[in-house]
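Let me begin by presenting the structure, written as structure tokens, before commenting on it.
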Amino acid sequence: MFCRSCMAKNSIGMNRRSFIKTASAISMTGAVAGCIGDSGGSNTVTIGAMGPLSGAYAVYGENGQKGAELAVNKLNDEQDQVEYELETADTEGSPSTGVQRARQLVQDGDADVLLGFASSAVLQAVAEFAANEDVIVLGTIAQTPSIVEEPNCRENVFRTSASDVTINTGLARATAELTDFEEPVTIASIIPDYVFGRETYNTFLSEFENQVNNVEVVSEASPELGKGEYQNEIQNIIDEEPDILYTSFLGSDLDALIQQGKQRGLFDIVSEFVNGGSAIMNTSLSFGQEMVEMIASERYYFQYPDTERNLDFVSNYRDNYGEIPVNVAQENYAGVLAVHGAIEATDGGTSKDDMISGLEGLEFESPEGTKKIRAEDHQVIEENIWAGRLQPLRDYNFYGFTNMNPIPGAEVTPEPKCNFNS
């Protein structure tokens, strides 16, 4: 009998009951003795964590992998109902590669669940592939709302994190609460020219206009993703001297904007810099004390909420990896907890149908708070959407949230656009 949990330890570590393997080189031949399955032990559920482990956005895949690993190890140490095994796949941020890796995980690796996906395009492609496969797909990171909306409604696809629409609606409300400009309030924007950029900005602007009586857009720029050179756009913004500069840049694009903006004095000109990409701590940790102040959204921040559950998660993560957990780590951790919650809800059922039944309507606790998956459309309702002011921290050498304005998730999550109950 082939048993992955008996294989050699990989480079990022494992405990005695779980392991991580890269799906780009899955081998399903050979037999290994002494595994739990040989003695007729608990059921085994294989989880495939999918994300970019190479390229410009590799940090998201790597952090997500760590979060999934921590949850698998915790569950295997604390309960005997189900044995969890973890495999990882490098999607390279490419839909076609994502489908290839998903096929390997499902058809060669017997994966029961695929989760993660830093890219909405990769998640959509894998969801289409998985429509006729015996597997559950959990979007724990990608933010497009369309994955759980018509015409993409699929019974085996769920999302356990907020969409970019929910997040930027919350961010707009928090921004209105944290600022007090004389009207009209002037806004400039610089966003990546693809669906995510347009969706985040349009949502933020629409909700901010609902919160503030008189808003004037003075500059809008949408350079291509990965352009890296923003001198012309920065000069146009400086010329307009807006009250608010909004961006949803992530990763290297955001790094470049901050570096070039600092060189030109951009952040001395705009009164408030607002980021709606919801992955700001990756950038903050990279810049350290050279970061700039802003109002930002974040899917998870390690100091909130101040609960025993979150404190334990942060402590365990730091003990295992020597760093604080960022959003994607927590979201993949929560995704694994959702799988276990679904199995518990169906008295140990591990089939695709059992897990669908268990996930629909599931309410479970994660480090960031309570999450409830709507049965109608498989979209999670977060306890809070996290947004606030990013500034230097007294006890750390990086910027963090010194003023958090959580917005109740139920208030800013759109109504279902699928209906599996009909």
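The numbers here are math on the coordinates, done by the rules we state, and not lab data. Since this is a predicted model, take the numbers as computed values, not measurements. Cβ atoms come from the backbone with ideal geometry, glycine included; neighbour counts cover every protein chain shown.
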| query | Tell me, what ³J(HN,Hα) does each residue in the stretch 252-260 have, in order and in whole Hz, if you take phi through Karplus 6.51 cos²θ - 1.76 cosθ + 1.60 with θ = phi - 60° and put x for Gly and Pro? | reply | 5, 5, 5, 4, 5, 4, 5, 4, 6
| note | Computed ³J(HN,Hα) along the stretch 48-60: with the Karplus parameters 6.51/-1.76/1.60, θ = phi - 60°, integer Hz and x for glycine or proline, the list is x, 8, 10, x, x, 10, 9, x, 5, 10, 4, 4, 5
| query | Got a sec? How would D347, D255 order by Cβ neighbour count within 10 Å, fewest to most? | reply | D347, D255
| note | Across 5 Å bins beginning at 0, the whole-percent shares of Cα-Cα pair distances in the stretch 69-191 come to 2, 9, 16, 18, 15, 12, 9, 7, 5, 4, 2, 1, 0
| query | Cβ under 12 Å from V137's Cβ, V137 left aside: what net charge do those residues give with Lys, Arg +1 and Asp, Glu -1? | reply | -2
| said: Please arrange I295, I234 by how many other C-beta atoms lie within 10 Å of their C-beta, fewest to most. | reply: I234, I295
| task | Would you grab the residues whose amide H sits under 5 Å from the one on Y300? Only those 5+ places off in sequence or on another chain, please, with H modelled 1.01 Å from N. | result | N327
| task | Please go through the residue pairs K227/K417; K74/K371; K66/K417; K371/K417 and name each one whose alpha carbons sit more than 23 Å apart in this structure. | result | K227/K417; K66/K417
| said: Which residue, P192, I141, Q260, has the largest displacement toward the positive end of the dipole of the stretch 119-277 when charges sit on each Cβ (Lys, Arg +1; Asp, Glu -1)? | reply: I141
| Taking N as the number of residues in the chain, what is its Cα Rg relative to 2.2 N^0.38 Å? | 0.98
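Most exposed first by the Cβ proxy, i.e. fewest other Cβ within 10 Å, how do H340, H378 rank?
Numbers: H340 21, H378 27.
By the 10 Å Cβ count, ascending, the order reads H340, H378.
Using the alpha carbons of the stretch 264-422, what is the convex hull volume per residue in cubic angstrom, as a whole number? Intermediate results must be reported in sequence, preceding the final value.
Details: hull volume 22.7 nm³, N = 159.
Expressed per residue, the convex hull around the Cα atoms of the stretch 264-422 is 143 Å³.
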| query | Around H378, with a cut-off of 15 angstrom between Cβ atoms, what is the net charge of the other residues, counting Lys and Arg +1 and Asp and Glu -1? | reply | -3
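What does the charge count around P408 come to, taking other residues whose C-beta lies under 14 Å from its C-beta (Lys +1, Arg +1, Asp -1, Glu -1)? Let's see the in-between values first.
Numbers: positive: R173, K371, K372; negative: E177, E368, E382, E383, E411.
Local charge sum for P408: -2.
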| note | Long-range alpha-carbon pairs in the stretch 262-356, meaning those over 19 Å apart, account in percent for 58 percent
| Using θ = phi - 60° and the Karplus curve 6.51 cos²θ - 1.76 cosθ + 1.60, what whole-Hz ³J(HN,Hα) does each residue of the stretch 228-236 get, with Gly and Pro shown as x? | x, 10, 10, 4, 5, 5, 5, 5, 4
| query | Under a 5 Å amide H to amide H cut-off, with H placed in plane at 1.01 Å, what residues pair with E85 once short-range neighbours are removed? | reply | V45, T46, I47
